[in-house]
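Comments concern the structure below.
The values are calculated or read from the model by the stated rules, or taken from the named source; none is laboratory data. All values reported here derive from a predicted model rather than from experimental measurement. Backbone-built Cβ (ideal geometry, glycine too); neighbour counts: all protein chains shown. Each accessible area value is taken on the protein alone, full model and side chains, heavy atoms only, with ligands, DNA and RNA left out. Shrake-Rupley method; radii C 1.70, N 1.55, O 1.52, S 1.80 Å.
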Amino acid sequence: MIRYKSLIQYSLIAAGVAFGLTSCNDYLNREPLSQVTPDAFLKTEADLAAYTIAAYNFPTHGGFNVGTFGIDNGTDNQASSGASNIWVPGEYRVSQSGGDWNFGSIRNINYFIESAVPTWLSGGISGNGSNVQHYIGEAYFLRAYEYFNKVQALGDFPIVKNSLPDNQEVLTEASKRRPRNEVARFILADLDSAILLLRDAAPGGKNRISKNAALLFKSRVALHEGSWLTYHKGTARVPGGPGWPGQGKVDNFSIDIDSEIDYFLTQAMNAAERIADQVPLEVNTKDDGYDSSTNPYFTMFASESLSGFQEVLMWRDYDPTLGINHNVNHYINRNGGNTGFTREFVDNVLMANGLPIYASGSGYKGDDYIEDVKLGRDNRLQLFMKAPGELRVNTIKNADGSPVLITEPDIIGLQETKYVTGYGLKKGFSYDNAQGEGNVGSTGAIVFRAAEAYLNYIEASYMKNGSINEKAAGYWISIRNRAGVNSDYTVTVGATDMSIEAKNDFAAYSGGVVLSDRVLYNIRRERRTELMAEGMRMDDLKRWAALDQLKAVPHIIEGFKLWGPMKDWYKDADTGKSLLVEPETGGTPNVSSETDGKYLSPYRFVTGATNLVKDGYRWAYAHYLNPIAIQHFIITTPDGSGVPENSVIYQNPDWPLTPNSGAIN
């Protein structure tokens, strides 16, 4: 086993860098990397600051959409009008070129590290020494970030730490993949270097990477790898597993998988607790969702400046006067934004008393109306899901002086603005009417927040030890207290029926088998609820191997209970005639049939051969990892034959070496 050490820790001693303070540019108006890499560059503090911030590649808001709050579309949590082809085996295919197998961003950061670090160690970079050191740390973080993207997408990947010459033989040799656990160890080593170098308070404040951001990210990487090795163990998706395509192609390889799992879970715990022990959760005033404009927990996701929120570790700033804006509240505030929470998610959220909705004594009011669905529930559902009659804006009123309120969800309107499931998102919702105008959105985008560290520790420690230790219990109580849920998680565990949960939650499974451990399941439920609409769901489902069951039994995604009293919301104001058009009733259908079930099924009413998910989401084992495009095999054959089978690269499990082809099994 190759063990990557953080070499930079030895260099730090020799460098004797002094600490100081200065201001710096923030994560806002960035030059493209191509404009900041001449040979004369990287000699001053400002050069380093400009280079690294130009390499920031975090998911943030942008374009005509709901921003980061739509990343979870295409999971069992959220749905948009169009389903992802990842749920259609045979349609998700190997491409001829492009894809995730690229090194552009990694090459740029390698150039920075091999150019700037020696100059820094020799005292050749002018400026504030503390800031210079910080920007070196950012580079190590950014390389780790890019490599983690590769591990998530492709698993095994080449470890390239230097710029390479334009020599085919050298480039071909460097293209050889290393096992994913080795890549993950390399990532953690880079993050250890970053943690040593980064300041607690970054130059430019929370708009730039900080030590805490690196600690949180380290816990994410380590938990991902530890859980991947755990739940995919015994498959070709784990190095050394049966059918692993790297067998015979990877030199100097051996693995003790249980030891690796323990290592990564321990690393996740150690990094996570360094955040959770020092960074408190934001305050939740636990209002009922009618007007949450003064609730810090709610406004943390929708304020123009997030610097004052203690839980936010890093965020992106926007300034429309510089042409840097988004349209999040043009959609989330004013309409459905072509997204919506699924019934599967909404039904999975607990009651405030800690009981699942199906449990005796839960107090659940039913789902005839959205307002009923939210009553008595976990406060996160009350805050972050819309209901008709709640306040929409507080900066203007209607002509008659009445408040502007949220109306019934438009499930049959334009695709761009419809409420796909009937359950509308409210995370990121601003009460400022001006934020809803086009191209002027300026609410900040969270990149990292501390609550994830609490969740990472709870999960990693339970996986490692098989029990909830005192620290994990404290973190869990903190999260549940903030959410307005009974802090005694054992009440929830005791009332959990896995046969019911398995109907609504993909994460009730691992490896095609329903979890028997109800504590572990409720740790996953907590994560699902706390991180709703924050773009983490698909990665969680993949690392848990939580999708195998869909290979044999497809799942039809559903929304709110349309075929009940709420159907009366959709009538012509003049004639009283229903505006709902079911399939095979004449006209163009705009909702699923009542005979299909009482809940709106957003993919059941689209007719024709293009609707490939009408009968539900399906899965292929290959889809846990992305395929590598064929061109990359053709150009990495040592014999120059261009025959993909002769490449030094191997394809991911169950993907073919032919373009435009779906998964093999």
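Once the chain from SER360 to LYS43 is taken as fully extended at 0.36 nm per residue, the excess over their C-alpha distance is 107.3 nm. Taken along the Cα-to-beta-carbon direction at a fixed 7 Å, the label points for LEU414 and ASP568 span 3.1 nm. Taking square-rooted eigenvalues a ≥ b ≥ c of the alpha carbon gyration tensor, is region 381-533 rounded, prolate or oblate, where a/c under 1.5 means rounded and, failing that, a/b exceeding b/c means prolate? Verdict is prolate for region 381-533. Here region 500-573 and region 588-623 have alpha carbon centers that stand 16 Å from each other.
In the chain, taking the dipole from charged Cβ atoms about the Cα centre, the farthest positive-side position among TYR650, LEU171, GLY123 is held by GLY123. Modelled spin labels at ALA473 and THR266, positioned 7 Å past Cα toward Cβ, are 2.5 nm from each other.
When only Cα pairs below 8 angstrom with a gap of at least 6 residues are kept, region 485-638 shows a relative contact order of 20 percent. Accessible area per residue for region 320-478, computed on protein heavy atoms with a 1.4 Å probe, is 32 Å².
Split the accessible area of region 232-321 by element, probe 1.4 Å, and carbon with sulfur accounts for 45%. Only one residue of LEU600, MET538, LEU520 has its Cα farthest out toward the positive end of the dipole of region 517-601, where Lys and Arg carry +1 and Asp and Glu -1 on Cβ, and that residue is LEU520.
Our note on the geometry: Cα centres of region 219-246 and region 274-309, 36 Å apart.
So which of LYS427/LYS614; LYS427/LYS503; LYS161/LYS249; LYS150/LYS464; LYS211/LYS542; LYS218/LYS386 end up more than 32 Å apart by C-alpha? Pairs exceeding 32 Å: LYS218/LYS386.
Per-residue packing, averaged as other Cβ atoms within 10 Å, sorts the ranges 99-105, 182-188, 630-636 into the order 182-188, 630-636, 99-105, beginning with the highest. Applying 1/(1 + (r/R0)^6) with r as the Cβ-Cβ distance of ALA434 and ASN646 and R0 = 51 angstrom yields a FRET efficiency of 0.25. Pop out the carbon and sulfur fraction of the accessible area of region 519-665 as a percent, whole number, probe 1.4 Å. Exposed carbon and sulfur together represent 51 percent of the surface. The listed peptides 133-146, 76-89, ordered by packing as a protection proxy, come out as 133-146, 76-89 (highest mean of other Cβ atoms within 10 Å first).
Sorting 476-483, 337-344 by average packing, meaning the other beta carbons within 10 Å per residue, from highest down gives 337-344, 476-483. The residues of region 155-230 expose, per residue, 27 Å² of accessible area to a 1.4 Å probe. In a fully extended conformation the segment linking ASP517 and LYS577 would gain 16.6 nm over its present Cα-Cα distance, using 0.36 nm per residue. What's the center-to-center distance, using Cα atoms, between region 435-494 and region 141-204 in Å? Cα centroid of region 435-494 versus Cα centroid of region 141-204: 29 Å apart.
Only protein atoms count toward the accessible area here, which uses a 1.4 Å probe; on region 401-491, the carbon and sulfur part of that area reaches 47 percent.
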